[in-house]
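The values are calculated or read from the model by the stated rules, or taken from the named source; none is laboratory data. Since this is a predicted model, take the numbers as computed values, not measurements. Positions of Cβ are generated from backbone atoms using ideal geometry, with glycine treated the same way; all protein chains shown enter the neighbour counts. When the accessible area is computed, the model is the full protein with side chains, heavy atoms only, and any ligands, DNA or RNA have been set aside. Shrake-Rupley method; radii C 1.70, N 1.55, O 1.52, S 1.80 Å.
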Amino acid sequence: MGLPGSQRTVQRLVDDYYPALYRYAYRLSGSAADAEDLTQEAFCKAQLNLSQLRDPARAKAWLFSILRNAYLHRVRADRQQHVLSLEDVGDVAEPPADPLPDVDPERLQRALDELPEAFRTPILLYYFEDFSYRDIAGQMDLPLGTVMSRLARAKAHLRSRLLPPAAEVLADGRRRATDGL
Amino acid sequence: MDCKTARLLLDYARPTSAELDPGEAAALEGHLAACADCDAATRAERQLDDHLGRAVRDVPLPDGLRDRLLDRLAAERRAWYRRKARRVGAFAAVAVLILGFFLWRYWPRPNLPTPDLDFLVEDVSQNNNARPDADKLQDWFRDKHPDRPLIAPREFEQRRLNYGLLTYAALADVQGQRVPMLLFTSGAKQARVYVLSARQFNLDELRRDPPTVDSKGYTVAVRLCPDDPTLVYIFVYTGNSMAPFVTGPPPPFG
């Protein structure tokens, strides 16, 4: 490992990204304590490897990638994770009621925890703004089509768990998540 | 553009991230302006996405998180520099011997002179007798090495260095740079002082947080030159105390 990044640069990274990074860590792990550990670990690794960040505009994606790798490293050591099988993650749900009800935070985290990591990560990266489908595909080393498919199924799962459906029938031509993927 | 194509492209038309090329984006927007069904479906989908996205991002931050992160990063930096100083100190102590040997053994010498034993005796005599203090050492260094003037260390932790114990002074090779090196000897104990310049080394971190570390029976202590901010002194001594090489009472605890 080379010289740690300059203190000022590292502090700027912390100030710019620690809220988003912590929130992502929390949604990944489901635990405030684990989220804080993961966030610290990600910034420590970033400090030691700052020379790898050639384009400052990619700092957020880079930090998220470091954190995800740290999370996966921990998860591999913990085999007791209760998640749905990939087969159980459903299709597009019915359109929800209007107006949209508030989302209960605990139910949301339970719904996220039920998702396998392969589906949870894309949906979290999707909702943490700025990440294009190509960014997500690059971070997970997956084809674009696979990312789109997993996103659609993860969204459907969240909707089915969190938002009650409306009374209307689906309009013709509305595509299902697995069509063409 | 027809409705089926528009529905397929909708996922790529996120407001926060432009995934479509400009032509496709314009065609999609044109279709939505003309097709009420697709426009309604788009609005509902985006509203739902915003709703879920806000909920996913709505995680309260723990109090003091930022400060704990910065404290941890500062501690990691200090630990890294302590490890680095240990390696530098050990390398500095050994590199002089090894590199000096190879330079003496393999450096090509055209027109090799015959050793003059009288000259050597005179040189040793001058070395031992003419430098009883830091000022005379600096004068001697200026005469011998005018391109490497020396600001000699005078104290170590507020106690005067005993130049009566100085047995050797020369330029040593450290990581490819020629630096003044002073050797003090007291019985079986030795202390070397390397004088490093900011013109030869990146001294930023050493100056910011001068370490004292132990490695392989030596202590390496980095101290700033009080007279020149571009210099640092690296003391490498046997054991864990410079007491054999200094004079005067120890400073009172303050």
Filtering region B:1-25 down to residues that are loosely packed, with under 12 Cβ neighbours inside 10 Å and away from chain A (no Cβ under 12 Å), which residue is farthest from A:I136 (Cα to Cα)?
B:G23
From the list B:Y81, B:Y106, exactly one residue is more than 9 Å from every other protein chain (Cβ to nearest Cβ) and within 30 Å of B:L171 (Cα to Cα). Which is it?
B:Y106
Tell me which residues, restricted to region B:55-73, are among the charged types (D, E, K, R) and surrounded by 14 or more Cβ atoms within 10 Å (Cβ to Cβ).
B:R57, B:R66, B:R68, B:R72
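To keep it simple, each residue is scored yes or no on (1) of a type in the set (G, A, S); (2) free of Cβ contacts under 8 Å to residues at least 60 places away in the same chain.
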{"site": "B:A172", "(1), (2)": "yes, no"}
{"site": "B:L183", "(1), (2)": "no, yes"}
{"site": "B:S186", "(1), (2)": "yes, yes"}
{"site": "B:K189", "(1), (2)": "no, yes"}
{"site": "B:A198", "(1), (2)": "yes, yes"}
{"site": "B:P211", "(1), (2)": "no, no"}
{"site": "B:S215", "(1), (2)": "yes, no"}
{"site": "B:V220", "(1), (2)": "no, no"}
In region B:144-175, how many residues are in a loop (DSSP other than H, G, I, E, B), out of contact with any helix residue (DSSP H, G or I) (no Cβ under 6 Å at 6 or more places or on another chain) and open to solvent by 60 Å² or more (accessible area, probe 1.4 Å)?
6
Could you say which residue among B:D209, B:D204, B:D214 is open to solvent by 50 Å² or more (accessible area, probe 1.4 Å), over 27 Å from A:S6 (Cβ atoms) and at pLDDT below 90?
B:D214
Quick one: in region A:46-68, of everything that is open to solvent by less than 20 Å² (accessible area, probe 1.4 Å) and closer than 19 Å to B:A75 by Cβ, which residue is nearest to the other protein chains (Cβ to nearest Cβ)?
A:Q47
Can you tell me how many residues in region A:26-45 are touching a residue at least 40 places away in the same chain (Cβ under 8 Å) and more than 9 Å from every other protein chain (Cβ to nearest Cβ)?
4
Here are some residues: A:R79, A:R107, A:R161, A:R74. Which one is modelled with pLDDT of 90 or more and either open to solvent by 20 Å² or more (accessible area, probe 1.4 Å) or part of a loop (DSSP other than H, G, I, E, B) (or both)?
A:R107
In region A:123-147, what residues are assigned to a helix (DSSP H, G or I), within 12 Å of chain B (Cβ to nearest Cβ) and out of contact with any Phe, Trp or Tyr (no Cβ under 7 Å at 6 or more places or on another chain)?
A:I123, A:Y126, A:Y127, A:Y133, A:R134, A:D135, A:A137, A:G145
Checking the condition in contact with an Asp or Glu (Cβ under 8 Å, 6 or more places away or on another chain) and either part of a loop (DSSP other than H, G, I, E, B) or in contact (Cβ under 8 Å) with a residue 60 or more places away in the chain (or both), which residue from B:N202, B:N240 passes?
B:N240
Pairs please, first residue from region B:28-50 and more than 11 Å from chain A (Cβ to nearest Cβ), second anywhere and of a type in the set (S, T, Y), Cβ atoms under 6 Å, 6+ apart in sequence or on different chains.
B:L32/B:T42
Within region B:221-230, is there a residue that is out of contact with any strand residue (DSSP E or B) (no Cβ under 9 Å at 6 or more places or on another chain) and closer than 25 Å to B:R77 by Cβ?
yes
Subset of region B:207-223 (residues that are touching a Leu at 6+ places or on another chain (Cβ under 8 Å) and not in a loop (DSSP other than H, G, I, E, B)):
B:R207, B:V222
